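These notes are about the structure you will find just below.
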Amino acid sequence: MRQLITYFGLAYLISWVIWLPLHGPVFGLTNLPVLPYHHGFGGLGPLIASFLTTWIYQRNKGVKLLIKKCLQPRPILYLIIALLSPFLLAFIATIINFFVSKTPINLSGLFVSKEFPQFNLFTFFVYNLIFFGFGEEVGWRGFALPRLQNKFNALTSSIILTVFWAIWHWPLFFYRPGLASMELAGIFGWIFSLLTGSVLLTWLYNSSKASVLICAVFHSTIDIAFMADLADKNIMNYMGFLITVWGVLTIIIFKPKNLATNNREKVAAP
């Protein structure tokens with residue numbers, strides 16, 4: 001438990017301090033320097049916190065194991081799922097929208113970022129993979145999840161982790177356009193989407209025998225798919241519905257205990 005308290009405290013502290021120039025004006029802190037891609041740098045907080053906490057409690061042995069998880073590409077099946085499934089969801093959502101609303105199928109916006117229109121698909125993927133794929137997943141799944149699974153089943157661990165994951169996003173509600181304008185109903189929907197993502201990421205982590213790389217890739221591609229410049233908002237709603245169904249089916253098929261065909265991943269006590 002001490003390790004988790006240390007980790008969450010450091011993850012919040014590091015990210016929130018990095019983001020201070022972005023959310024500080026709400027509290028009267030103005031004229032703080034803002035760097036290019038400043039929001040992305042804050043996404044590295046969980047990664048930094050995970051390595052610091054691992055070194056504090058497990059020293060070099062723990063750090064080496066965490067690095068090994070970050071470089072583990074197998075099983076290839078789950079890497080393929082992580083890489084392609086969000087785009088498949090977007091395609092299916094577009095097809096549904098075509099039959100329901102008679103809207104012409106146009107997938108060109110799927111590979112365009114609203115926030116960074118200058119990025120192509122590859123550069124946007126690399127950006128997301130570094131700052132939010134590895135930046136977050138080394139901490140949430142690579143460090144926190146197996147320690148939670150020492151005490152709780154996989155589904156309960158996913159729910160608990162969702163709470164701490166949601167709290168980490170707190171400063172974003174003061175400066176990110178999509179979150180800053182969100183009403184109460186939207187916030188509940190957003191938290192539910194985090195929970196769905198948490199369940200699927202737990203499934204990927206446990207099924208892949210603790211591959212942080214696979215989780216980081218999925219985090220990146222799901223962000224790209226949901227941040228795509230698709231003109232029709234109905235497509236996003238259909239995507240949200242589809243990923244919710246996927247999450248529910250994952251719980252039903254793979255069971256709350258492990259959310260995998262194998263045992264859930266744990267971590268040995270230091």
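Each value in this text was obtained by applying a stated rule to the coordinates, not by laboratory testing. As the structure is a computational prediction, the values presented were derived from the model and not from experiment. Positions of Cβ are backbone-derived with ideal geometry, glycine not excepted, and every protein chain shown enters the neighbour counts.
Of Pro25, Pro171, Pro256, which is the most mobile in a GNM of the chain whose springs link Cα atoms less than 10 angstrom apart?
Among Pro25, Pro171, Pro256, the largest mean-square fluctuation in the Gaussian network model of the chain belongs to Pro25.
Put +1 on the Cβ of every Lys and Arg and -1 on every Asp and Glu Cβ in the range 209-265; which of Gly247, Ala225, Ala260 then has its Cα farthest towards the positive end of the dipole?
Ala260
Along the three principal axes, how long is the chain when you take its alpha carbons, biggest first, rounded to the nearest angstrom?
Extents along the principal axes: 58, 52, 34 Å.
Quick one: check the C-alpha center-to-center distance for the range 176-223 versus the range 1-61, whole angstrom.
Distance between centres, Cα-based: 19 Å.
Taking the highest mean first, how do the peptides 142-148, 193-199 order by number of other beta carbon atoms within 10 angstrom per residue? Intermediate results must be reported in sequence, preceding the final value.
Details: 142-148: 24.3, 193-199: 20.3.
Packing order, densest peptide first, comes out as 142-148, 193-199.
For the pairs Lys61/Lys257; Lys68/Lys266; Lys69/Lys255; Lys61/Lys151; Lys69/Lys257; Lys69/Lys151, note any where the Cα-Cα span goes beyond 18 Å. Could you put the intermediate results ahead of the total?
Values: Lys61/Lys257 28 Å; Lys68/Lys266 15 Å; Lys69/Lys255 24 Å; Lys61/Lys151 23 Å; Lys69/Lys257 22 Å; Lys69/Lys151 21 Å.
Check vs 18 Å cut-off fails for Lys61/Lys257; Lys69/Lys255; Lys61/Lys151; Lys69/Lys257; Lys69/Lys151.
Quick one: 3J(HN,Hα) in Hz for the range 17-31, Karplus 6.51/-1.76/1.60 with θ = phi - 60°, rounded, Gly and Pro as x.
Rounded to whole hertz, the list is 5, 4, 7, 3, x, 8, 9, x, x, 5, 9, x, 8, 10, 6.
Between Thr244 and Ala180, with labels modelled 7 Å along Cα→Cβ, what's the label distance in nm to one decimal, could you check?
Placing both labels 7 Å beyond Cα along the Cβ direction yields 2.8 nm.
With every atom except the alpha carbons ignored, what do you get for Rg and Dmax of the range 1-124, in angstroms?
20.3, 59
GNM on the chain, C-alpha springs below 10 Å: top fluctuator among Phe99, Phe192, Phe152?
Highest fluctuation among the options: Phe99.
Among Ile130, Ile159, Ile187, whose mean-square fluctuation peaks in a Gaussian network model of the chain (Cα, cutoff 10 Å)?
The residue that fluctuates most here is Ile187.
In percent, what relative contact order does the range 72-254 have, based on Cα pairs under 8 Å that are 6 or more apart in sequence?
Numbers: 186 pairs, mean separation 77.7, N = 183.
With pairs under 8 Å counted, the relative contact order is 42 percent.
Where the only charges are on Cβ atoms (+1 Lys, Arg; -1 Asp, Glu), what is the dipole of the range 72-254 about its Cα centre, to the nearest 20 debye?
It comes to approximately 380 debye.
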